[in-house]
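Colleague: This structure is in structure tokens; I'll ask about it shortly.
The values are calculated or read from the model by the stated rules, or taken from the named source; none is laboratory data. This is a predicted model, so every value here is computed, not measured. Counting neighbours? That spans all protein chains shown, and the Cβs are built from the backbone with ideal geometry, glycine included. The protein model used for the area step is the full one, side chains on, heavy atoms only, and it has no ligands, DNA or RNA in it. Shrake-Rupley method; radii C 1.70, N 1.55, O 1.52, S 1.80 Å.
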Amino acid sequence: MESKTSHVPPEAIEAYNQYIHGEIDRRNFMERVTAVAGSLGVTGLVQALMPDYASAQKVSPTDTRIKIEKVTIPSPMGNGTIGGYLARPASAGTNKLPAILVVHENRGRNPHIEDIARRLAVDNFMALAPDGLTSVGGYPGDDEKGGQMFGQVDRAKMTEDFVAAAYWLKNRADSTGKIGVTGFCYGGGISNTLAVRMGADLAAAVPFYGGAPPEADVPKIKAAVLVQHGEQDTRLVQAWPAYDKAMTAAGVTHEGYVYPNAVHGFNNDATPQRYNKEAADLAWSRTVAWFNKYVRG
């Protein structure tokens, strides 16, 4: 799928990003989109900004190369339980597998995140995508509603849900005990948080456009960290050098990349106005290689 970003005014993309992050309300979003709609028209521009999960799907849920299971994970320090979407390569049989936790953006475990888990299963990892909205009924099938529900969940308890999910994955009988985490936006921040919280219990973290942990916590990181940002994601890009410096000072194995002409959310091929195929393909190849080196190795 080719990016449609070039057909969408950058002002509209920025408005969309602020809207989905709760920085502006829907009325403000629509006003800003209307102001720059141009030849696309308001309806056409809004449609171009919305996710298209069917067209973006790369690995079908019925793909015979993988096996999928819905699981429920105890989270006594969080919201009690968290639901998970577990994908494994069908060819693995009873063999132990390196495992990857996949953490969603701020709208719950939508179809794109489930597809990410399936892609990792095709690459011979066991992948778990928990749903942070479990305590309020789970991802509702609509990103806008998911975003509203996300705001209703206690953030500290949601973090504990993901910590519980990570340890549940690590301790499974069919896990090698080596796990990694990747996440996007909110999930990128959680990836960094888990690197701090889990110390040597986490082998690798690949945060996509996620917030860095407090500098004082960086020495707690023992995982190998691969940071991915889009060049036009200004706030996070400006914060990256400090995180890089802190990890260097702490002796953390890490790399970081800022992808030219890429915006926040550039890896999400379900949102074509943000998707940057060149950046996404390179970032994903680096992600899989990182996990192969530090989680499988």
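Colleague: Please state which one of VAL295, VAL252, VAL263, VAL288 is in contact (Cβ under 8 Å) with a residue 40 or more places away in the chain, farther than 30 Å from VAL8 by Cβ, open to solvent by less than 60 Å² (accessible area, probe 1.4 Å) and of a type in the set (A, V, I, L, M).
Modeller: None of the others qualify; the one that does is VAL295.
Colleague: Hey, another quick one. Would it be correct to say that VAL227 is aliphatic (A, V, I, L, M), open to solvent by less than 10 Å² (accessible area, probe 1.4 Å) and modelled with pLDDT of 95 or more?
Modeller: So VAL227 fits the description; yes.
Colleague: Another question, then. I'd like to check something: does segment 137-158 contain any residue that is among the basic types (Lys, Arg), at pLDDT below 95 and open to solvent by 10 Å² or more (accessible area, probe 1.4 Å)?
Modeller: Among the residues of segment 137-158, at least one is among the basic types (Lys, Arg), at pLDDT below 95 and open to solvent by 10 Å² or more (accessible area, probe 1.4 Å), which makes the answer yes.
Colleague: Do you know which of the residues in segment 42-79 that are among the acidic types (Asp, Glu) and open to solvent by 50 Å² or more (accessible area, probe 1.4 Å) is modelled with the highest pLDDT?
Modeller: The extreme case among them is GLU69.
Colleague: Are any residues in segment 262-297 under 22 Å from LEU202 (Cβ atoms), not hydroxyl-bearing (Ser, Thr, Tyr) and not in a loop (DSSP other than H, G, I, E, B), and if so, which ones?
Modeller: ALA283, TRP284, ARG286, VAL288, ALA289, TRP290, PHE291, ASN292, LYS293, VAL295, ARG296
Colleague: Could you grab me the full set of residues in segment 244-285 that are closer than 27 Å to ALA216 by Cβ and out of contact with any strand residue (DSSP E or B) (no Cβ under 7 Å at 6 or more places or on another chain)?
Modeller: Of everything in segment 244-285, those that are closer than 27 Å to ALA216 by Cβ and out of contact with any strand residue (DSSP E or B) (no Cβ under 7 Å at 6 or more places or on another chain) turn out to be LYS245, ALA246, THR248, ALA249, ALA250, GLY251.
Colleague: Examine segment 173-186 for a residue that is assigned to a helix (DSSP H, G or I), within 25 Å of GLU231 (Cα to Cα), among the aromatic types (Phe, Trp, Tyr) and within 15 Å of the chain's Cα centre (by Cα), and state whether such a residue exists.
Modeller: Yes, the conditions are met somewhere in segment 173-186.
Colleague: To continue, here is another question. State whether the residues of segment 193-205 include one that is of a type in the set (Ser, Thr, Tyr), over 17 Å from the mean Cα position of the chain (by Cα) and in a helix (DSSP H, G or I).
Modeller: No, every residue in segment 193-205 fails to be of a type in the set (Ser, Thr, Tyr), over 17 Å from the mean Cα position of the chain (by Cα) and in a helix (DSSP H, G or I).
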